[in-house]
Structure formats: structure tokens, C-alpha cells
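Down below is the structure, laid out as C-alpha cells.
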Amino acid sequence: MDFTITEDQATLTQGVRDYLAGVHTPELLRALDASDSRRSDAVWQGLTEMGLPGLLVPEAQDGLGLSLLDAVLIAAELGRAGVAEPLADTALVAAPLLAKAGGQDALLAAIAAGKAKVALQHPVNPWVADLDGASHILSVKDEALLLADHGGTAELLDSVDPLRRLYAPVAPTGTEVGSADTLLDHAALIASAQLVGIADAMLEQATDYAKNRSQFGQPIGSFQAIKHHLATAVVKIEFAKPVIQRAAVALQKNAASASVHVSHAKIAAADAAWAMSETAIQTHGAMGYTYEVDLHFWMKRAWALSSAWGDRAFHLARIDAAVIGGALPIGPGHSFA
Amino acid sequence: MDLVYTPEQQDFRAEVRAWMEANVPKEPLVTLEREDGYHQHVEWERKLASGNWGMVTWPEAYGGRGLDLIQWLIFEEEYYRAGAPLRVNQNGIFLLGPTVMEFGTDEQKARFLTPMAKGEVIWAQAWSEPNAGSDMAAITSKAIRDGDHYVITGQKTWSSRASFADWGFGLFRTDPESKRHKGLSFILFDLNAPGVTRRPIRQLHGDPGFAELFFDEVRVPVENRIAGEGEGWNVAMATAGFERGLMLRSPARFQAAAERLVKLFRQHEAKTAPAAREQVMQAWMDAQAYAYNTYAVASKIMAGGHIGAEASLNKIFWSELDRAAHRTAMQLLGASAELRHLDGGALNMWLEGYIFSLSGPIYAGSNEIQRNIIAERLLGLPR
């Protein structure tokens, strides 16, 4: 029993954080917002050179063969930096699913090389993110997960998040590579991890603002009203993190209870991020209500991911069945059931 | 990260479980806030000690088993699983004990820890004063040096267990000219010493769970001081760290409450408010989150890390989840919630638990103080 991340994991996470802080700046987000495609070949190229697409690709296909625990740590960094490129979907959700399915060596090698992008379609979402530009699509038909090549264009939907690229779903087709539930669990886990990274970014922005904005002759961050709002948000964020890590370990091991723990993670992360978004805008005052401060990029991503891959009702229903329904052992001694 | 218990840890769990099943009283004890219940709970402490379960993390030399924090968590899980009584010596084993272990001399460790582990001496805390609550640095009770003794004069209040306990610990001003955090010393005293007067205070539930203490020239040997003269504030802050951080409230307590709450919900499901279902699930989720976080903190400490201002996060989280879970239970019970005894005459433990949960966000540093600590020390906001 050991609930720590390794030094290697901490080093990798810090390396990704430092890299993204240097290149994936708020200025870049604004430039992407002003572009037609909202995507950047240069950014994707940089992420590829960092080796990020291959993190969960097996070593035999030139990846690093890392685990879902590594994936949630990296996903949080993608959320923190506001990364909109479809890296999380392709590298952190599709890659481990395809590796588990087997027989997809060529595609996995192409993912590791940054040459393949996999869009994820599931009936729980009324949209598909980044379908345009995807080389492959995973979709669901009768509980089966199907893999197909993808090309051509699709009907664009309009998201409040200016950097999300959403498309109408297409007819599911392709080769069976798993079950619908495994896609949902993996994607919900990675969305949860991005949400805590997004929450951390909003916390940092609000804290900086509170330190620098003065009213009544002193920084507003010296007032308890502001301090207590922010402290309450920190508690929610910090207590979501171990839930996500615990869910990652359960899913990595294909534990029978993994879905319940993923749902717990999704609810905890979404609640933390949503609460943080409201605290952050309140701390910024009228500035927070503008398009001129950076906060809105993260706030809108938080709204989007909170309800993507299963909204609160969906995940509560799974916990209801397990906990109130009695399928999951609960109580002292069952922390890791 | 490896979230699987080793075979040794599983064996340890089985050993604790077997002992608890054989020894935990079949009938619930009277509340430890009353004199008869207090003595029943002291008997239970001694029973625990007879099985060498007093404080499993302490060295064997002081009545412990020399076990690690993961084993302590396993012990706590089995303790609450068995429905064992509350620990009447909690102030000693979880607060003073770690302090003595860290700051005490070998002589003090032998003198205070061993009887504590054996349940022979029950401890009360004496932090607050009438004008030093959240602002603890405003303490005015004095301990003036007179040869090889201190002479204590002053008043303490909200002193948990002090109505019936044997000994107390607290902060006293040893430099009468000093202000605020300076000039304070951490001193242990005999509650039966001449000059100590206890005035039990009835708590919300009607029983005297804590007391006011009056000191009228109480003579305390200098060797009862922990760490150096004037270093009391730092020692107390370390104690407060243990209290908020890890040991005061083990996750098993809340997991047990969440499990009971789920069962209560199933009984009352047909007539619950729509929100109740979600609140019950939230109680389970929060108890689990607290458990994961505690395992993470324990693992971090075992790997050589320590817990700092993060302790304030824990204190807010467990105290608010506990209050919410018990409030949910009160609402599930509906018009029966106010009854002190439920069907069959058993004490309404949800009511008792709800009343107790209201103290959680206040004691051990109010949650407002904890939020200040988080904002100032973790976020770096200006004081």
C-alpha cells in the first residue's frame, strides 16, 4: 500500500508544466481564438517533439508505455495550460484503449509519431470533438466500440469555448476494438484530470489578481471575504485529486469497481472546477465578466468538460446503483474495494 | 502508487479484527461526557492496553507496537468496523503523545507516554482562555518560575475531558512581560494538584464534556515543561498540526458514518426528499475522498515528507463532511429526529452525532482560522 506518485512521475509532470508554461501562453490562446481553424500545426509539432502523443503507446510502438496514473497527471497539465489540440483524446484516451485491444500496432506507432489523430464519438455526448482533422474515429454501436479511418469534413457546431471544435456525430462504423463503457470510463477519467488542472489555473489567476488589485488602499486579497472564498475552492480542488488518482489505478487494473470510482472522480473534479470558476470570476469583479482577461478560456473549458463524458446526473446514477444499490462494499476497510 | 495491501498488512488486519470481535463491548457504553460513562471508557482503554493496542504507532518501549501509519489506518478501520467505543484518551494519544515523542526528553517519554498507552492516565487539553479562543496568542495564564517549580495562576476554558481526567496540558505565559507568541511554555499539570478547580460546563447535549479550569498558585515541577522555556508556541503549533493533520479524525470514522447513513436511507427511501438521495451519495463520496487523501498523507510522511499548512485543508474537509452527513440523517429521520431515544429505547445516535458534529468546525482551530491559514500560507495572500 503506497499512495504516492514516484519521483519520475513528478519530474515528468513538472517538465510538461514548464514546457507548456513557456510555449502555450494566454497570448497563444488569443491568437488561436483569432484564427479560423483554432488549431496550430506548430503547437502540435511541439507537443510531438516533447513525446507527448506517445506517452501511453507501448514501447514496442516507439511510445513510453506509461500508465493511466501518468496520464491523469499529464492531463491535468494540459488543462492547466488550456491546451485545445486533441492531444488528450488521442494520446491519453484512444492510445491506451487501442493498446489494450491489440492488433493496432501501426496506428499506435502513428499516434506516437504525432501522425494520427483519433476522434472519440460516444452516445453520451451530442457532439464529436475535433472530428475535422482526425485520421481515425472511435465510435459506438450497440455497446461495441468501433475503429474506422476518417477523412473529409463534418458539420461544425458552435461551442461557448472558443477553442473547442465540435462536430455533429456521424454514422458509427468500423472494426470492433472494445466496449462503449471502456471508452466512456477512459474519457471521463481524462476529462476529470483536465478539470482539476483547469481549476488550478483559475485559482492561480484569481490569487494573482487578488494580490495585485487594490481597493480601500490595500490588496483585495488581504480581505477575509476573498481569502475564504479562495480557501473553500482550494479544499474542493485538493480533495478531488486523490479521487482521480485512485480511479486511474482502478481503471488501469480493470477493477470491477473502476466505473464507480471514475464517476466519483468526474463529480469531484467537475464540482471543484465549476465552483472555482465562479469564485474566480467573483474575485476578478467586473474584469472577470470581460473577454479581456484570460480567465474566460478556462472557465468555459470547465463548463464544457464538466458535462462532457457523462454529466452529473449520469455519474450520480452509476454511484447510486453501486452504493445505494449495494453492489459495492462500503464502510471502514473498504477504501480500496 | 500501489493501492493493494501486502500479505503482512492483511494479516495485521485479521489480527485486529479477531481481537476486536472478541473484546468490543456488546452493549454501547454510556457517553464519555458523563461520569459513569467516563469510567466505562477508561476501563475500555485499559482493556485495549491489555491487548497492547493502546497506540500501535508508538515504540514498544513506550507501550506501542512500533507500527507504521498505514498499519495505524488499518487498525482504525477495524476499530470502527467493530463499532468500538470512542477513545477517552484521545487528547493524550493523538495530540500530546506525538508532541512528547517529538519534543520530550527520554525521561519525559518514559514518564508520560507509557501510562498514556496503558490507559492509566487520562489527559485533558487546556488551550483556550476566556479571552484567547481563535486568538490563542492572547493567552494570559501565567506560570512564574519559583526555584524548581512554576507557579500557575489563571484560567482555561473549553477544556475537553477536564471534568473527569487526571492530567492536562496547555500553554502558559512563563515570561510575564512577554507579548503574543513569545514567552509561552508548554506545560503538563496534574488536574488533582492543590489550587486546581474544575467547573464542568454542560455542552449542547446536556452533559459536561468539557470544563473551565481555575489555577490558584498551582505548583508544577519544572520537569513538566516540554521543550525550552518560551518555546511553547512552536510546540503547540506542532500539536495543532497533528490534530488537524492526520490523527485526530481517522477516515474510518466517517466511512462508518456514511455506511450507516446509506442503510438509514434504504429504510426511509419511500418518504425522502428528492435531494436526500444525492446528499447520501455525497456523504459516501466525501468519506472516501478523505480516506484516499489520508492514505496519501500517511504515505508521504512514511516516505520522509511532512504535513504543513495542508493540515488546514483536512480539518475543513472532515468537519464539514461530518456535519453534512449527520444533517442528512436528521432530515431522513424526519419528525423522529428530535427524539433522544428511538424505537426500543436506544439512544438516538444520529442526534447525538449531529450535535457533536456542530463542534467540528469550531474546535482545533475554527474553520475560519483554517481558511485564513490556507489563504496566507498556501496561496500567499497578504495578512
Note to self: C-alpha centroids of region B:155-175 and region A:110-132 sit apart, in Å, by 64 Å
For region A:182-324, the Debye formula with one identical point scatterer on each Cα and no solvent gives log10 I(q)/I(0) at q = 0.10, 0.20, 0.21 Å⁻¹ as -0.37, -1.06, -1.13
quick shape note, region A:152-201: Cα extents on principal axes in Å, largest first -> 39, 27, 13
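When only Cα pairs under 8 Å and 6 or more residues apart are kept, what is the percent relative contact order across chain B?
Normalised by residue count, the contact order of chain B is 13 percent.
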Taking Rh as the Kirkwood radius computed over alpha-carbon pairs of region A:7-179 and applying Stokes-Einstein at 25 °C with viscosity 0.890 mPa s, one gets a diffusion coefficient in µm² s⁻¹ of 149 µm²/s
For peptide B:250-258, the mean count of other chain Cβ atoms within 10 Å per residue Cβ is 3
Here the percent of antiparallel bridges among DSSP beta bridges lying wholly in chain A, to the nearest 5, is 85 percent
If A:246, B:34, B:145 are placed from fewest to most neighbouring beta carbons inside 10 Å, the sequence is B:145, B:34, A:246
Cα convex hull volume per residue for chain A, in Å³, equals 142 Å³
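Rounded to the nearest 20 Debye, what is the dipole magnitude of the protein assembly as shown about its Cα centre when Lys and Arg each give +1 and Asp and Glu each give -1 at the C-beta?
Here the protein assembly as shown has a charge dipole of around 1500 debye.
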Between the alpha carbon centres of region A:264-310 and region B:52-112 the gap in Å comes to 43 Å
Note: probe point = Cα of residue B:324 + 7 Å toward Cβ; backbone nitrogen < 13 Å; residues of region A:262-280 passing the test are A:267-273, A:275
Longest principal axis of chain B (C-alpha) makes with the long axis of helix B:311-333 (C-alpha) an angle, in degrees to the nearest 10, of 40 degrees
quick note, the protein assembly as shown, DSSP beta bridge pairs, % antiparallel (nearest 5) is 85 percent
Ranked from fewest to most other Cβ atoms within 10 Å of their own Cβ, B:156, A:300 fall in the order A:300, B:156
Rounded to a whole number, the mean other protein chain Cβ count within 10 angstrom for residues of A:239-248 is 5
Here the whole-number average of other chain Cβ atoms within 10 Å per Cβ of B:277-290 is 6
When the charge dipole of the protein assembly as shown is computed with +1 at the Cβ of Lys and Arg and -1 at the Cβ of Asp and Glu, the Cα pointing farthest to the positive end, of B:380, B:10, B:361, is that of B:361
The size of the Cβ-based charge dipole (Lys, Arg +1; Asp, Glu -1) of region B:123-230 about the Cα centre, to the nearest 20 debye, is 280 debye
With a Förster distance of 30 angstrom and the Cβ-Cβ distance between residue B:266 and residue B:341, calculated FRET efficiency to the nearest 0.05 equals 0.85
Scoring region B:7-88 by relative contact order with C-alpha pairs under 8 Å, at least six apart, yields a percentage of 37 percent
Taking a straight Cα-to-Cα line shorter than 27 Å from residue A:266, and setting aside same-chain lysines fewer than 8 residues away, one finds A:100, A:117, A:141, A:227, A:236, A:241, A:253, A:300, B:263, B:300, B:315
Per-residue ellipticity at 222 nm attributable to helices in the protein assembly as shown (runs of n ≥ 4 DSSP H, -39500 (n - 2.57) apiece, nearest 500 deg cm²/dmol) works out to -15000 deg cm²/dmol
All alpha-carbon distances of the protein assembly as shown, grouped into 10 Å bins from 0, give the whole-percent distribution 3, 13, 22, 23, 18, 12, 6, 2, 0, 0
Percent antiparallel among DSSP beta bridges confined to chain B, rounded to 5, stands at 85 percent
Of the residues B:192, B:94, B:127, the Cα lying farthest along the dipole of region B:90-199 towards its positive end, which is defined by charges on the beta carbon of Lys, Arg, Asp and Glu, belongs to B:127
In degrees rounded to 10, the 0-90 angle between helix B:274-302 Cα long axis and the longest Cα principal axis of chain B is 50 degrees
So residue A:181 and residue A:60, fully extended at 0.36 nm per residue minus their Cα-Cα distance, gain in nm 40.9 nm
In debye to the nearest 20, the charge dipole size for region B:47-107, taken about the Cα centre with +1 at each Lys and Arg Cβ and -1 at each Asp and Glu Cβ, equals 320 debye
Expected vector for region B:90-97, Karplus 3J(HN,Hα) from phi with 6.51, -1.76, 1.60 and θ = phi - 60°, integer Hz, x for Gly and Pro, equals 4, 4, x, 5, 9, 10, 5, x
Pseudo-spin-label distance residue B:138 to residue B:368, built 7 Å along Cα→Cβ, given in nm, is 1.1 nm
Farthest towards the positive end of the dipole of the protein assembly as shown, among A:57, B:70, A:189 and with Cβ unit charges of +1 on Lys and Arg and -1 on Asp and Glu, lies the Cα of B:70
For residue B:60 and residue A:168, extending 7 Å from Cα along the Cα-Cβ vector and measuring point to point gives, in nm, a value of 7.6 nm
GluC sites (Glu not before Pro) in region B:155-255 lying in a DSSP loop, each with at most 14 other Cβ atoms within 10 Å of its Cβ, come to B:177
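Determine the gain in length on full extension of the stretch residue B:19-residue B:192; use 0.36 nm per residue of separation and subtract their C-alpha separation, reporting nm with one decimal.
58.8 nm
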Dividing the mean separation of Cα pairs under 8 Å (6+ apart) by the residue count of region B:249-378 yields a relative contact order in percent of 29 percent
The exposure ranking of A:19, B:292, fewest beta-carbon neighbours within 10 Å first, is A:19, B:292
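Laboratory data are not the source of any read-out in this text; all were calculated from the coordinates shown. Not measured: the values here are computed from a predicted model. With ideal geometry, Cβ positions are generated from the backbone for all residues, glycine too; neighbour counts draw on all protein chains shown.
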